[in-house]
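Please treat every number below as a calculation from the coordinates, not as lab data. Not measured: the values here are computed from a predicted model. Glycine gets a Cβ as well: all are built from the backbone with ideal geometry, and neighbour counts include every protein chain shown.
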Amino acid sequence: MITESCGNIFLDLGFPPEEAALLAMRADLMTRLSDLIDAKGLTQVEAAKILGVSQSRVSDLVCGKWERFSLDTLVTLALRAGMQVEMNLAA
């Protein structure tokens, strides 16, 4: 049986709505940062210098270890990478 997603995989997995929203935002930022690193052809060492973190933190990022990053940290990294971060709210 195939069940269609509601649009937030974390809700689908049974996380409470508040936590699912935060996890989805974190996952999105991590994906975008990882994609930026790939698009620029940066090594993890080069990305670490730009982001102001260690190479092992970049490794955690590109490996998708979302539990190791807060939303605040990911926003900071995105800004250091030159990304524009915005939040949109819907009723």
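Can you list the HN-Hα couplings for the stretch 29-37, worked out from phi with the Karplus curve (6.51, -1.76, 1.60; θ = phi - 60°), rounded to whole Hz and with x for Gly and Pro?
Using θ = phi - 60°, the values come out as 5, 4, 4, 5, 5, 4, 4, 5, 4 Hz.
Given +1 on the Cβ of Lys and Arg, -1 on the Cβ of Asp and Glu, and no further charges, what dipole in debye does the chain carry about its Cα centre, rounded to the nearest 20?
460
Quick one: net charge around D60, please, counting Lys, Arg +1 and Asp, Glu -1 for every other residue with C-beta under 11 Å from its C-beta. Mind showing how you got there, number by number?
On the way: positive: R57, K65, R68; negative: E67.
Overall, the nearby charge balance is +2.
At 222 nm, what value in deg cm²/dmol follows for the chain if DSSP H runs of at least 4 each add -39500 (n - 2.57) and the sum is divided by all its residues, to the nearest 500? Please list the in-between numbers first.
Values: 5 runs with 53 residues, N = 91.
Mean residue ellipticity, 222 nm, calculated: -17500 deg cm²/dmol.
Residue farthest toward the positive end of the dipole of the chain, with Cβ of Lys/Arg at +1 and Asp/Glu at -1: which of A48, F69, M30?
A48
Run through the stretch 43-75 and list the trypsin sites (Lys or Arg not before Pro) located in a DSSP loop whose Cβ has at most 16 other Cβ atoms within 10 Å. Display every interim value, and only then the final one.
Working: sites: K49, R57, K65, R68; in loops: K65.
Listed in order of number, the matching sites are K65.
Please identify the GluC sites (Glu not before Pro) of the stretch 1-46 that satisfy two criteria: DSSP loop assignment and at most 10 other Cβ atoms within 10 Å. Which are they?
On the way: sites: E4, E18, E19, E46; in loops: E4.
Within the stretch 1-46, the qualifying GluC sites (Glu not before Pro) (loop, at most 10 other Cβ atoms within 10 Å) are E4.
Along the stretch 79-87, what does the Karplus equation 6.51 cos²θ - 1.76 cosθ + 1.60 (θ = phi - 60°) give for ³J(HN,Hα), rounded to whole Hz, x for Gly and Pro?
Values, residue by residue: 5, 4, 7, x, 7, 9, 10, 10, 10 Hz.
For Kirkwood radius over Cα pairs in Å, the listed values are (i) 14.2; (ii) 13.3; (iii) 12.7; which was obtained by calculation from the structure presented?
For Kirkwood radius over Cα pairs in Å, the calculated option is (i).
Residues in the stretch 69-87, backbone N under 15 Å from the label point at D35 (7 Å along the Cα-to-beta-carbon vector): list them, ranges by number please.
It comes to 78, 83-86, nothing else.
Among T31, T3, T43, which comes first, second and so on when ranked by fewest other beta-carbon atoms within 10 Å? List each step's numbers first, then the result.
On the way: T31 14, T3 6, T43 11.
Final ranking by Cβ density, sparse to dense: T3, T43, T31.
Could you calculate the contour length gain from I2 to S54, that is, 0.36 nm times the residue separation minus the distance between their Cα atoms, to one decimal place in nm? Numbers along the way, then the final one.
Numbers: separation 52, 0.36 × 52 = 18.72 nm, distance 4.11 nm.
Length gained, I2 through S54: 14.6 nm.
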